[in-house]
Amino acid sequence: MLKRQMVVITMALTFSILLAVQGISGNPGKSELAASSDKRGPARKLYDQALSAYQDKDYKKGITLFQAFGQCFPEHSLADNALYWMGECFYAQGDFSGAVFLFKKMLKTYPRSNKTPDALLKIGYAYLILKNPVDAKQFLTRLTLEYPKSPARAKADVKLKRIR
């Protein structure tokens, strides 16, 4: 019963966020006209608001918006990026275990993501902070082997030298 209530609450919150993002209110008017003249769709608008929250260091809001994006648009071309940036929000708040979980989820769900090298790097960083150099080395080494031309590789090399 409690699980069902949580699902309903999450869906209601997601719907409320989407309505707010689209500028739709109880009474139609200027806000709806502004939303309809916006060239971006609701998915892109929600993603941009979430990314803006992250950039403004409002990590809780970023998490909420990225989570809503992932629930509403799991097949969108930015779904992998949304999951990555949600991991970055957790990382920035100091929740390194939560960040690792989300970065790993991104790797599993979107294995061909352009964010894969960055996720591998951040997993390595988080494991170092969590005092787990064995797992850190594993993910950083994977980054250097699978993405040798990635800009993240140089950062991984620096950390790997310190681990050895």
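Bear in mind that the values in this text are calculations on the coordinates, not laboratory data. Quantities reported herein were computed from a predicted structural model and do not represent experimental measurements. Glycine gets a Cβ as well: all are built from the backbone with ideal geometry, and neighbour counts include every protein chain shown.
Values as computed for the structure displayed
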quantity	calculated
C-alpha center-to-center spacing [the range 63-78, the range 99-164] in angstrom	23
Whichever aspartates and glutamates have a C-alpha closer than 14 Å to that of residue 104, once near sequence neighbours (fewer than 8 apart) are set aside	80, 88, 118, 135
Rg(Cα) / (2.2 N^0.38 Å) computed for the range 49-149, rounded to two decimals	1.04
Peptide ranges 42-51, 110-119 listed from the most packed, as the mean C-beta count within 10 angstrom indicates	42-51, 110-119
The range 77-94 - phi-based ³J(HN,Hα) in whole Hz, Karplus 6.51/-1.76/1.60, Gly and Pro as x	5, 9, 4, 5, 5, 4, 5, 4, 5, 5, x, 5, 4, 4, 4, 5, 7, x
Unit Cα scatterers, Debye sum, the range 92-164: log10 I(q)/I(0) for q = 0.15, 0.18 Å⁻¹	-0.43, -0.62
Cβ-Cβ FRET estimate between residue 52 and residue 162, R0 fixed at 25 Å, reported to 0.05	0.15
Sparsely packed GluC sites (Glu not before Pro) within the range 71-158, loop by DSSP, other Cβ within 10 Å at most 10	75
Relative packing of peptides 97-104, 120-127 - highest average C-beta neighbours within 10 Å first	120-127, 97-104
